[in-house]
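Notes for the one structure printed next.
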Amino acid sequence: MGMENLLWLIPALPVLGFLINGSLSLASARTHNGPSRGLSGFLAVLFPLIAFLLVLKLHFGLHDAQEVVRAQNQNLGLHLALPQSFTQPLWSWIATGDINLSFGFAFDGLTSVMLLFITGIGTLIHLYSIGYMAHDRGFARFMAYMNLFLANMIVLVLGNGPIVTFLGWEGVGLCSYLLIGFWHHETANNDAARKAFLVNRVGDLGFLMGLFLLWQILGPSTPLTYQAIAEWFRDPAHSAALASGVVAALLTTSTLLLFLGCTGKSAQIPLLTWLPDAMAGPTPVSALIHAATMVTSGVFLLARMSDVFVHAPLTMQVIAWIGAATAAWAAVTGFVQTDIKKVLAYSTISQLGFMFLAVGVGAFDSGLFHVFTHAFFKAVLFLGAGSVIHALGGEQDLRKMGGLAKKLPITFAAMFAGWYAITGLPFGAGFWSKDLLLEKVLLQGGTALYAIALGTAILTAIYMTRMMILTFWSPSRVEHAVEHHVHEAPLTMQVPLWILGIGSLVAGFAWAGMIPGCSWFPAQLASIVGPAQALFVPVEHEGPSAILLAGVGVTASLLGIALSFGLFRRGAFREKSQAPLSGFAKGWTLAFDTIHAVVGIWPVRISSWILEKICQPLLSGLVRLFAYIVSLVGLATQWFQRPRLRVNLSMSALGLVLILIFLIFHARTLL
């Protein structure tokens, strides 16, 4: 069996896990305990693990195929093109005239990178879920939803074109709704699930409209596959068309709409309000969906369609500034949160802003590299937070924590690794990706964007250090009744923490530019984003050395950490009240919720009130008035046409006489 024939198995395996666990859940719906936790957990982990192994096999298979061709070229003096992907067309949806929409999968360098951490980290999160959800009655249902989400995420990345990607795009949105509202007996959870679903529908509409406009530019004869789209935009014959005013305007509109879709899935301004509320779901959901996989879909789509976006300079500027603004706003918001998961949620939004900023300045590979490293350190931070919550019996308030470093040493060590990476301290995963990103922003985006990014990096170190202080390094504020029951997580939760903690420290060496030979990551992406990046003209042709910029980045991290400890020593983190957010913290946190309310929700409610209280009674009154008038006309007619035989016969006779007289006197005229 050829390598390309294995592609369909990667999403099919988690789908099989979903079907089995879903069937077990339904079959045991009337039982007290539900199906066996051991069986459901084993199956839920097994299928993603096999999918991960298949991705590894395909990754090395593609590398081996390239090495074979490279050896032939060298030994035989040939000039054969290196194979860049495995493709598997499955069926044709629409084939009529020039239109041909097909369903298929493609595995190339970008797909390989994405699927390695989606399936790898996804498997670890499934394993973690066995311990975290062990006592939940809906265990099998939860595992089924998790498998279904993973399958849809794989389809999103593995699709050979935007139509297939959109199917996975919608699928992960559905699964996000199901998982956020998993504990559906609480109204707040249901509200959060609906909010995520509806906000993302706005972005998804933008995705579809942008795709339709793009198809108008390409023409119906161009297949809607990523390879065909890239070749169309790389073809010099289309340069004149792209430079024309109408096509350029159409392309700008199309890319802005596509980017709107990305802001929904990746929680960027203006569609970012759903992600913090999504923390209502179980913590493994936060780690899988809102840290390592789904929220990176927008960055993936921009990179996958880099040849399109690079020809829309206005859109690229919008992406860069939206990313910078989102990163800065979310960093400030993270500083004022008291819920440990909300801190990490706003941190995720901020880090995603960094990724979009990199993409907006044309550094697609740097943005994707931060996606890669972020998956490790944010997943371990979320899972570590889940371990803390598990140990404290469900407590998420940072004001009721402290002194947990000694009581939860494994959790502390794992979260310390994640904190070390995200703050950008030397040789952690975030050090390599963040500093590379800052360098590209300075050279290709200018000093203004660089200043915002550097300031946000300082804020990141401040609020992440604050979280660690309040959770581990400050005196204990754990309630006395809970303190005696604090315990370390079970082994199924510890193993993923160990692996992800190590990954947070070493994943950055996949692209350590200052170390010779550590350049695996950009080599994977060269054929996909390289041509687009080559068209992007840097703002600064010469800048400071990479080592100097790295020193500036580390200094920013150390400054943020020092400021955080200084604020703690001055008592700035000592909350005297256990009340919800208020004042500036509440206003800043809910700023975009307020904007959504003013721009979208209130106009709809006012319109609904007008329709219900004014228009509906008015229309009902008009209908009743018309009916009354018709009734009166009927009564009048009835009065004139009294049901008396004599009158009727007389009137008929009179009518007949009048007709005969008319015919006699006008016969000649009629003939």
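The values are calculated or read from the model by the stated rules, or taken from the named source; none is laboratory data. Note that the structure is a prediction, hence the values are computed from the model and not measured. Every residue, glycine among them, receives a Cβ derived from its backbone with ideal geometry; neighbour counts consider all protein chains shown. Calculation scope for accessible area: heavy atoms of the full protein, side chains included, ligands and nucleic acids excluded. Shrake-Rupley method; radii C 1.70, N 1.55, O 1.52, S 1.80 Å.
Please return the ranges of helices (runs of 4 or more DSSP H) entirely within the stretch 236-296 where 1 or more residues are out of contact with any strand residue (DSSP E or B) (no Cβ under 7 Å at 6 or more places or on another chain) and under 24 Å from Thr492 (Cα atoms).
It comes to 283-287.
For the stretch 229-271, what are the residues that are without any contact (Cβ under 8 Å) to a residue 40 or more places away in the chain, exposed (fewer than 15 other Cβ atoms within 10 Å of the Cβ) and in contact with a helix residue (DSSP H, G or I) (Cβ under 8 Å, 6 or more places away or on another chain)?
Result: Ala241, single match.
Out of the residues in the stretch 218-228 meeting the condition of being surrounded by 19 or more Cβ atoms within 10 Å (Cβ to Cβ) and modelled with pLDDT of 90 or more, tell me which one is nearest to the chain's Cα centre (by Cα).
Tyr226
When the residues of the stretch 516-536 are filtered to those that are among the hydrophobic types (A, V, I, L, M, F, W, C) and touching a helix residue (DSSP H, G or I) at 6+ places or on another chain (Cβ under 7 Å), which remaining residue is most open to solvent (accessible area, probe 1.4 Å)? Full working, then the answer.
Of all residues in the stretch 516-536, those among the hydrophobic types (A, V, I, L, M, F, W, C) come to 518, 520-521, 523, 525-526, 528-529, 532, 534-536.
If we keep only those that are touching a helix residue (DSSP H, G or I) at 6+ places or on another chain (Cβ under 7 Å) too, we end up with 518, 520-521, 525, 528-529, 532, 536.
Working: Cys518: 30, Trp520: 87, Phe521: 0, Leu525: 2, Ile528: 17, Val529: 3, Ala532: 0, Phe536: 52 Å².
Applying the filter and picking the extreme gives Trp520.
Kindly establish whether Leu116 is under 25 Å from Leu208 (Cα atoms) and either open to solvent by 10 Å² or more (accessible area, probe 1.4 Å) or not polar (S, T, N, Q) (or both). Before you say what the answer is, go through the steps one by one.
Values: under 25 Å from Leu208 (Cα atoms): no; either open to solvent by 10 Å² or more (accessible area, probe 1.4 Å) or not polar (S, T, N, Q) (or both): yes.
The answer is no for Leu116.
Give the stretch 305-332 a look and list any residue that's closer than 20 Å to Tyr346 by Cβ and of a type outside the set (A, V, I, L, M), or say none.
Trp321, Gly323, Thr326, Trp329
Would you call Leu500 under 20 Å from Phe431 (Cα atoms) and either surrounded by 15 or more Cβ atoms within 10 Å (Cβ to Cβ) or touching a Cys at 6+ places or on another chain (Cβ under 8 Å) (or both)?
yes
With respect to Ala375, determine if the residue is within 20 Å of the chain's Cα centre (by Cα), open to solvent by less than 10 Å² (accessible area, probe 1.4 Å) and of a type in the set (Gly, Ala, Ser).
Numbers: within 20 Å of the chain's Cα centre (by Cα): yes; open to solvent by less than 10 Å² (accessible area, probe 1.4 Å): yes; of a type in the set (Gly, Ala, Ser): yes.
It is true that Ala375 is within 20 Å of the chain's Cα centre (by Cα), open to solvent by less than 10 Å² (accessible area, probe 1.4 Å) and of a type in the set (Gly, Ala, Ser).
Of the residues that sit in the stretch 388-405 and are open to solvent by less than 20 Å² (accessible area, probe 1.4 Å) and outside any helix (DSSP H, G or I), which one is nearest to His487 (Cα to Cα)?
Residues of the stretch 388-405 that are open to solvent by less than 20 Å² (accessible area, probe 1.4 Å), as a first pass: 388-389, 391-392, 398, 401-402, 404.
Those still in the list that are outside any helix (DSSP H, G or I) too: 392, 401-402, 404.
Numbers: Leu392: 8, Met401: 14, Gly402: 14, Leu404: 10 Å.
By that ranking, first place goes to Leu392.
Suppose we keep only residues that are in a helix (DSSP H, G or I) and not aromatic (Phe, Trp, Tyr) within the stretch 423-436. Which one would you say is farthest from Gly353 (Cα to Cα)?
Initially, the stretch 423-436 is screened for residues in a helix (DSSP H, G or I), giving 429-436.
Applying the additional criterion that residues be not aromatic (Phe, Trp, Tyr) yields 429-430, 433-436.
Numbers: Ala429: 18, Gly430: 15, Ser433: 14, Lys434: 12, Asp435: 15, Leu436: 15 Å.
Selected residue: Ala429.
Just to be sure before I move on: is Val164 closer than 18 Å to Leu16 by Cβ, in contact with a strand residue (DSSP E or B) (Cβ under 9 Å, 6 or more places away or on another chain), touching a residue at least 60 places away in the same chain (Cβ under 8 Å) and among the aliphatic types (A, V, I, L, M) in the structure I sent? Talk me through it step by step, then tell me what you get.
Values: closer than 18 Å to Leu16 by Cβ: no; in contact with a strand residue (DSSP E or B) (Cβ under 9 Å, 6 or more places away or on another chain): yes; touching a residue at least 60 places away in the same chain (Cβ under 8 Å): yes; among the aliphatic types (A, V, I, L, M): yes.
When the stated conditions are applied, Val164 does not pass them.
Residues checked against (1) open to solvent by 30 Å² or more (accessible area, probe 1.4 Å); (2) over 19 Å from Ala291 (Cα atoms); (3) modelled with pLDDT of 90 or more; (4) not in a helix (DSSP H, G or I):
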residue: Lys407; (1), (2), (3), (4): yes, yes, yes, yes
residue: Ala417; (1), (2), (3), (4): no, no, yes, no
residue: Ala421; (1), (2), (3), (4): no, no, yes, no
residue: Leu438; (1), (2), (3), (4): no, yes, yes, no
residue: Leu442; (1), (2), (3), (4): no, yes, yes, no
residue: Ala451; (1), (2), (3), (4): yes, yes, yes, no
residue: Leu454; (1), (2), (3), (4): yes, yes, yes, no
residue: Ile462; (1), (2), (3), (4): no, yes, yes, no
residue: His487; (1), (2), (3), (4): yes, yes, no, yes
